[in-house]
1. Working carefully through the options 659, 666, find the one that is open to solvent by 30 Å² or more (accessible area, probe 1.4 Å) and among the hydrophobic types (A, V, I, L, M, F, W, C).
2. If a residue must be open to solvent by 10 Å² or more (accessible area, probe 1.4 Å) and within 14 Å of ligand 3 (Cβ to nearest atom), how many such residues does region 474-492 contain?
3. Those residues that are open to solvent by 10 Å² or more (accessible area, probe 1.4 Å) and within 11 Å of ligand 1 (Cβ to nearest atom), I need them from region 288-317; list them, please.
4. Within region 774-781, is there a residue that is of a type outside the set (Ser, Thr, Tyr) and touching a strand residue (DSSP E or B) at 6+ places or on another chain (Cβ under 6 Å)?
5. Report, ordered by the first and then the second residue, all pairs with beta carbons closer than 6 Å, sequence separation of six or more or different chains, a first member in region 518-529 that is within 17 Å of residue 545 (Cα to Cα), and a second member that is more than 16 Å from ligand 1 (Cβ to nearest atom) and of a type in the set (Gly, Ala, Ser).
6. Hey, can you tell me all the residues within region 717-768 that are aliphatic (A, V, I, L, M) and touching a Cys at 6+ places or on another chain (Cβ under 9 Å)?
7. Could you please give the count of residues in region 674-729 that are free of Cβ contacts under 8 Å to residues at least 24 places away in the same chain and of a type in the set (Asp, Glu)?
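The values are calculated or read from the model by the stated rules, or taken from the named source; none is laboratory data. Note that the structure is a prediction, hence the values are computed from the model and not measured. Please note: Cβ atoms are built from the backbone with ideal geometry, for glycine as well, and neighbour counts cover all protein chains shown. All accessible areas refer to the heavy atoms of the entire protein, side chains included, with ligands and DNA or RNA removed. Shrake-Rupley method; radii C 1.70, N 1.55, O 1.52, S 1.80 Å.
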Amino acid sequence: MPPPDPLPGTAYGFEKTANRLTAPSYRFRAAAHSSKLNAGGQLSDSVSNQARPQGGSSAPFQVLKVALPSPLRRLFDYLPTRQPPACGWQIGLRVRVPFGRREVVGVVAELANGSELPQGKLRAISEVLDDAPLPNDWQWLCHFAARYYQHSLGDTMQLAMPARMRQGHPMGGRTQTLWLPLSPGDELPLQRAPKQAELYALLRQHPHGLAARAVTAHGFTREQLLALQKKGFARAQEATLTATPYAGGNLLASPSLPLNREQASALAVLHEKLESYHPCLLEGVTGSGKTEIYLQLIEALAAKGKQSLVLVPEIGLTPQTLARFKSRFRVPVVALHSGLTDLERLDVWEAAANGRALVIIGTRSAIFTPLKNPGAIIVDEEHDGSYKQHDGLRYHARDLAVARAHYHNIPLLLGSATPSFESLQQALSGHYRHLRLTQRPSRHPPAKLELIDLRHQRRQGGLLPGAITAIKNTLASGKQALVFINRRGFAPTLACHSCGWIAECGQCDSRMTLHRQPPLLACHHCDSRRALPDACPECGSGDLRALGSGTERTEETLQGLFPNVTVHRIDRDSTRKKESFEQILKEIQRGEPCLLVGTQMLAKGHHLPHVTLVVVVNADGGLYAADFRALEHSAQLLEQVAGRAGRAAHPGRVLVQTLHPDDPHLGQLAEHGYGALARSLLEERRLAMLPPFCFMALLRIESPHEEAATALGQQAAQALQQWLTMVKLPVRCLGPVPAPMERRQNRYHVHIMLAADKRSQRHTAANWLVQWLEANREARKVRWSIDIDPQTLA
Ligand code: ADP
Ligand code: ZN
Ligand code: ZN
């Protein structure tokens, strides 16, 4: 049953609007819209039939409309090469074309019988790069994302393909030589060759084969391999680089866990519909065993030869997570993460596209991985902010996952302890199946939040005496404590005690953060840095004071209080080096008593079995913020941090410091948990007609000149208002208003907000606005971008 106004489905065919504009972009979008990208099917060929010669009376001629890396929301016309490719001219072929004075890589998006330009003005394609079109599902998703997010198709495709393909390298899979052991029956010939005997023993440990590279890495030579081969102890075999195809037999490398009752009934619901679109929200408290359900769903699909695409948050794809998936299955599991080289990335893409890889795990952009035999899409921690891209194509990977699961007609599993209000509302209203896990296998329920009053009390490094005592007791009992503080640096403010001067960023409307390691002032909005002043630049006084606490200061305080205990600081500054976070996590997992001080990097997903105390230095960030989503995000964060305590054998405690111990929302969170708070906040959103009960788009305009940004904002809002009235489209238009931080990096930011009750109405209005801006001369003098379903109003 497709939901009434879901992201996918009905929304594919956005209505065509009465539109006065005839910019070329409009025709492109209309054409793309009508090139039936039907669910589960092929890209239909109807486009070429529709295209008629345009531009005069000349005879029709074949034209390839190509999506190129350009922000312009249109396609570019080229003539075919004289010799068509072996597969014929097809939509989805990757081509190299001349573009200005450069050559760029693009994708054929339409076939036409003519162009607005005369034939003589068109240039020909330089080269066809592949011998077949790019995968259909990938093309479909690019079209969908470009249309939904009002973005250029060419730019979307560039983002959605691996760098090697963007650069024009061939797509073909590469192979490597694998060495396999043989049993000749008679091991005598090796007795006088100890090195070869050793190598043979090594190969025996790898019955599925060892790459030649790995053999040399173990200190053996190619000659020794060849000698073994000659004597009949080893053979070489060419294998694809990533994900050797699954040869059949037992799917599992390690047995699945027997499920508890809640897990079993959730899995049973998933099993009801493995063959069709079946969106499910798995709302399970932290540590309740959601991952085990993912694993068993993947197992059921892999048994049918079907692939599962698993999305995890940016900082969730740790080697531990990956190891958990890899150690469960004998089928090929591949991961897309930032540590891969471009070549490895291409290999993973290919392994997914041709069906070799059965499990594909990756962060946000992995949603664009093509799948040969799609079985299910799983989005872990679906509420996580890292699924939303904040520049260029501002897509939300979870939302694209919904659309994609619908397109493929496969199950979709969204998992979270703290579901986004969007997904929760879909579940509460019955559009998604609502699966719930309320218990942890460890039997310790998640700890309740204990609020402690920050008012009128002395703090050390941000910590109240009560918190420090609790930390002391935790260490004394041989356990670990985690101190969560959402600010990196030493102190958020540097102020002069004599005249009240405050260190501010010269380029933004914000204060500079004081850092000690190394000592400097840094703006966390534009990254500009300054040396620490010795004296106040206003009055010359030397009495400069650091106000408030960041991670560095809390670390310093704790180290002073507990000199014999290791204090690990985990934030973006301390983990800049690639491996350092991993190493710290490993050390923490060894279980020695220690203290962790960190930002939200620590809050998410990590299993910290020895942590029994969590202290939140300040819970007030989202309570009274202007952004209507701030409270949702801050409640999610608090619940996730709290979930780090007591996950294993020992119960946990969570202390939350606040200036507002009587705040009703905080009280509800502490008393009844995220689920209860979320449900009552959803009611507030409904009354205020805010998302998920309306659909928004945010237009951001920025310019070094305040007047330019404001003037364009006014013009755009006025034009839109007039048009909305004229076509009687019920869309609310608010603004222009200055952005919450008006000046950032010396640029002025102005916003216009659109809100509508229906997704399609919002789409129509946003689409009109984008075209108006593209056709407007003034708009070329400023920077603007449209954000569909914005996650923040900043
Ligand atoms: P979540 O993904 O909900 O945070 P996990 O899947 O990581 O939870 O499970 C938390 C812990 O509980 C893990 O150590 C996991 O191995 C264990 N666990 C999960 N399901 C079961 C089960 N059915 N029986 C025993 N242990 C389980
Ligand atoms: Zn001063
Ligand atoms: Zn700044």
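1. Just a single option satisfies the conditions, and that option is 659.
2. 1
3. Within region 288-317, 289, 290, 291, 296, 316 qualify.
4. No - not one qualifying residue is present in region 774-781.
5. Hits for this filter: 521/503.
6. Answer for region 717-768, where residues must be aliphatic (A, V, I, L, M) and touching a Cys at 6+ places or on another chain (Cβ under 9 Å): 717, 720, 724, 741, 752, 753, 754, 755, 756, 765.
7. Total satisfying the criteria: 3.
Here's the yes/no breakdown for (1) open to solvent by 60 Å² or more (accessible area, probe 1.4 Å); (2) away from ligand 3 (no atom under 16 Å from the Cβ); (3) under 26 Å from residue 498 (Cα atoms); (4) assigned to a strand (DSSP E or B):
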position: 554; (1), (2), (3), (4): no, yes, yes, no
position: 558; (1), (2), (3), (4): no, yes, no, no
position: 568; (1), (2), (3), (4): no, yes, no, yes
position: 581; (1), (2), (3), (4): no, yes, no, no
position: 612; (1), (2), (3), (4): no, yes, no, yes
position: 618; (1), (2), (3), (4): yes, yes, no, no
position: 631; (1), (2), (3), (4): no, yes, no, no
